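Undergrad: Sending over a structure as C-alpha cells; questions will come in a sec.
Derivation of every value follows stated rules applied to the coordinates shown; laboratory data play no part. The model shown is predicted, which means the values in this text are computed figures rather than measured ones. So basically every Cβ, Gly included, is an ideal-geometry build from the backbone, and we count neighbours across all protein chains shown.
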Amino acid sequence: MPFGAELRDDGRVHFRLWAPAAERVDVCLSNGNADSGSETGSTQLPMNAGAGGWFELATDRASAGTRYRFRIDGDRLVPDPASRYQPDDVHGPSEVIDPCDWQWRDAGWRGRDWEEAIIYELHVGSFTPQGNFAAVQEKLDYLVELGITAIELMPVADFPGRRNWGYDGTCLFAPDSQYGRPEDLKALVDTAHARGLMVFLDVVYNHFGPEGNYLHVYAPQFFTKRHRTPWGAAIDFDGEHSEITRQFFIHNALYWLEEYHLDGLRLDAVNEIRDESSHDLLTELAQCVRDHFDQTRDNLRRIHLVLENDHNASRYLERDSAAKPHLYAAQWNDDIHHALHVLLTGESGGYYLDYVDKPIQHLIRCMNEGFAYQGERSRYRNNQPRGEASGHLPPTAFVSFLQNHDQVGNRAFGERINSLARPEQLHATLALLLLAPSPPLLFMGEEWGCTQPFMFFCDFGPDFADKVVAGRRRDLSRYLRFGEHRSRRRIPSPMDDRIFEQTVLDWNACNLPEHKQMLELYRELLALRRRELIPRFRNITGQQNDCTRLSIRAFTKRWVLGGDSELVLMTNLGDVALTDIKFPPGRILYTTHTEALMRHDNDHLPPWSVIWYMNAA
C-alpha cells in the first residue's frame, strides 16, 4: 500500500503519511506498551518531506509490534489513518503489523459462485456474549448446519469506545480491538473457508465517524465543502486532490480482500458518496478489484462486490455476454423488503409511505424486474424520481431479505418482524423469499424467531454523545408516532449500556420449543434451495415478466431456469381464501398448506399460502 507502515524485506519499517497541510511530521516510536510520543519511553524521528504533501521514513528502529504515532508540526499526536491495528482504540498509538505473519491454511480455496450465496448478516459484538471474532468462529458449524453459504460481518473497522454498529469507523484498515487482533479475524476467515463458507465484510466509504478522525488536522483536502452528506462535509472524490483520496479507499478494498482473504465486500449507502466525475469511484474501485483478482485465471479466487444504493442505479449491476457482472454482483433490494413489510404490518410511516398504496404491485415488480422504483417519483424523497430500469438484469442481481440490521435497528425500539406479524404470515413470506431466485439474506437470530430487539447503540465520548442522541431522535421524527417532541423523548438513548445488553443474542433461546420449530423451517427451506434450485440458477436471465394477478393480494409467477427447467410460484398473501383456482401443472416443490392443497377436490387457495412448482426439462 502507498499508505501506512510497511515491513520491508531488509527488516526496516517504512512509514508514509499524506499530510499536505503540515510543514513537519515526526514518527514517534515505542517498543513497549508506553504511550508513543510521551516524554519517556519513546523515540522521535523526523520524516522526510516529499512532493505533493507526502512524508516518509524507513528505519530499523521499528519492527512488528512497535507502537507509533505521528507528531504534526511538533505539536499534535495522531494515529496512522492506515493503521493495521489500534490496540488502545482510535485515539491511541497504532501498532506495526506483519501481514505475512499469519500462516494461511486455505490455499485450495477458490470461493463459491455468486448463485450459491445464502447470506447470514451478523454483528460481531452482539452475535455472542463474548462479542469477538473467536466466538463467531465457534458458531460456524451451526451456520453450516443451518444451510448458510456466506457470513457477512457488519463493519469491523476501528470505532470509538466499547461498542458500535461499525458505521462510525475512523481507522478503516484496523479491525476493532474489542473484537480481537488481526490474526483473530484471519483465523475466523481461515476456519470459515475450511467449512465451505464465504466471508463478506461491510465497508463504509461515504464518511468517517465523528470521533477519532484526525485527517482534518493535517489533510483537510480529504474533504470538500462542495458536497454535503447526512454526516457533514463529504469526502472529496472528484476535486483537485481526489486521486489520493480515491486511492486510499481503493487500497482499503484491496487490503481487506487480499490481506484477510475475504470473499467479498458490501459497500454501505453508496448513494451518499458524492462524486460527479465521469469515471466515478464506484466504477474505478470495482474495476481495480476485477483487475487485481482476474477471474479468468484458475489460480485466483472468486470475489463478489455488493452495493447498498438507495438510488437503485442498475448501471452498476450490468452483466456481460456470459451473464457475469462487469462491476458489482448485486444490490441489497430494499424495495422487496418494504413491500413485504407493508403487506405484513400495514405500516405507513417513513419510507413505507412509498409502498402503502400498492404493496402487492410493488412486490410483483420486484419479483419480475428487480427494483420496484425504476424512475418513478418517491413521495418519501420529496417527490424526486428514484431508480433506473432493471428488468434486463437477472434476479441474482438483487439480494432479498425480511430482516437486516437497518430494517430492525432503525426502528425506535428495535422490534423484529416476529413481534409484528402472525406466524402464518411469516411462514408464507419465508417460503416466498428463501426459494425465489434472488439470493436471500438472514439477520442473526431470525432463523429461530428471535424476539430480542436489535437497537442502535454506540459509545461516544462526551463531545459527541449528546449530538448522536439528538440526531437519532431527529431522524425518527419522520415517523408519525414520533412527530411530537414529547414522543421523541421516549426513544432510548443509544449510549445506554442496557440497550446494547438487550441486543446480545441469547443462544439458549433457540433450544426452546417455540423456537425449534422455526429453526427447522429455515433448515428445511434452505436445504431445498441448495438441493433443487441453486444448480438451476446459474444461467437464469432477466426479462422474465411472466406474472398473473389472481386477486388484490394473490398472484402466480414463472421463471425459466438453467437447463430449460421452469419454476412457478403461486401465492395468496391475504386473509381471504380464493376459490375456483386453476392450479398449474408440475411437481410441487414446497407448500405451506400441504393437507389442504393435496385434496383431489380442492379448488381454493388458503390465506397466506405459498406453493412452489418445478417443471424439469
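Undergrad: Shape of the stretch 272-353 from its Cα gyration tensor (a ≥ b ≥ c, root eigenvalues): rounded if a/c is under 1.5, otherwise prolate when a/b > b/c, or oblate?
TA: The shape class here is prolate.
Undergrad: With a 10 Å radius around each residue's Cβ, average the other Cβ atoms per peptide and rank 459-470, 229-240, highest first.
TA: 229-240, 459-470
Undergrad: List the residues whose amide H sits under 5 Å from the amide H of Val90, counting only those 5 or more places along or on another chain, with H placed 1.01 Å from N in the peptide plane.
TA: For Val90, whose amide H was placed from the backbone, the distant partners under 5 Å are Gly161.
Undergrad: Another one. Which value results for Rg/Rh of the chain when Rg is the Cα radius of gyration and Rh the Kirkwood radius based on the inverse mean 1/r? Working shown, then result.
TA: Numbers: Rg = 25.3 Å, Rh = 25.7 Å.
Taking Rg over the Kirkwood Rh, I get 0.98.
Undergrad: OK, next. Would you list Leu432, Leu265, Leu420 from fewest to most Cβ contacts within 10 Å? Mind dumping the intermediate values first?
TA: Details: Leu432 22, Leu265 25, Leu420 15.
The fewest-first ordering by Cβ neighbours comes to Leu420, Leu432, Leu265.
Undergrad: Here is a follow-up. Measuring from label point to label point, each 7 Å out along Cα→Cβ, what is the Asn508 to Asp141 span in nm?
TA: Result for the modelled spin labels: 2.2 nm.
Undergrad: Here's another thing I want to ask about it. What value, in deg cm²/dmol to 500, does the helix sum -39500 (n - 2.57) over DSSP H runs of n ≥ 4 give at 222 nm once divided by the residues of the chain?
TA: -7000 deg cm²/dmol
Undergrad: On a full-extension model of 0.36 nm per residue, what is the gain between Asp10 and Arg315, subtracting their alpha-carbon distance, rounded to one decimal in nm?
TA: Gain in length upon complete extension: 105.2 nm.
Undergrad: Specify the inter-centroid distance of the stretch 397-433 and the stretch 68-130, based on alpha-carbon positions, in whole Å.
TA: Cα centroid to Cα centroid, the span is 31 Å.
Undergrad: Does the stretch 349-433 come out rounded, prolate or oblate, given a ≥ b ≥ c as the square roots of the eigenvalues of its C-alpha gyration tensor, rounded meaning a/c under 1.5 and, failing that, prolate meaning a/b above b/c? Write down the numbers at each step before the final one.
TA: On the way: a/c = 1.92, a/b = 1.27, b/c = 1.51.
It is oblate, given that a/c is not under 1.5 and a/b is not larger than b/c.
Undergrad: Cβ neighbours within 10 Å, averaged per peptide: list 493-501, 529-537 in order, most packed at the top. Walk me through the intermediate numbers first.
TA: Numbers: 493-501: 16.0, 529-537: 18.0.
Per-residue Cβ counts within 10 Å, averaged per peptide and sorted highest first, yield 529-537, 493-501.
Undergrad: Let me ask another. Rounded to the nearest angstrom and ordered from largest down, what semi-axes does the equivalent ellipsoid of the stretch 546-615 get from its C-alpha gyration tensor (root of 5λ)? All intermediate terms of the calculation are to be shown ahead of the outcome.
TA: Details: eigenvalues 81, 40, 18 Å².
Each semi-axis is √(5λ); the values are 20, 14, 10 Å.
Undergrad: A further question follows. Which whole-Hz couplings ³J(HN,Hα) result when phi for each residue of the stretch 133-142 is put into the Karplus expression 6.51 cos²θ - 1.76 cosθ + 1.60, θ = phi - 60°, listed in order with x for Gly and Pro?
TA: Ordered by residue, 3J(HN,Hα) equals 4, 4, 6, 4, 4, 5, 9, 5, 4, 4 Hz.
Undergrad: With unit charges on the beta carbons (Lys and Arg positive, Asp and Glu negative) and the dipole taken about the Cα centre of the chain, which residue among Leu343, Pro210, Phe457 sits farthest to the positive side?
TA: The one lying farthest along the dipole's positive direction is Leu343.
Undergrad: Using unit Cβ charges (K, R positive; D, E negative) and no other charged atoms, how large, in debye to the nearest 20, is the dipole of the stretch 546-615 about its Cα centre?
TA: Dipole magnitude for the stretch 546-615 comes out near 140 debye.
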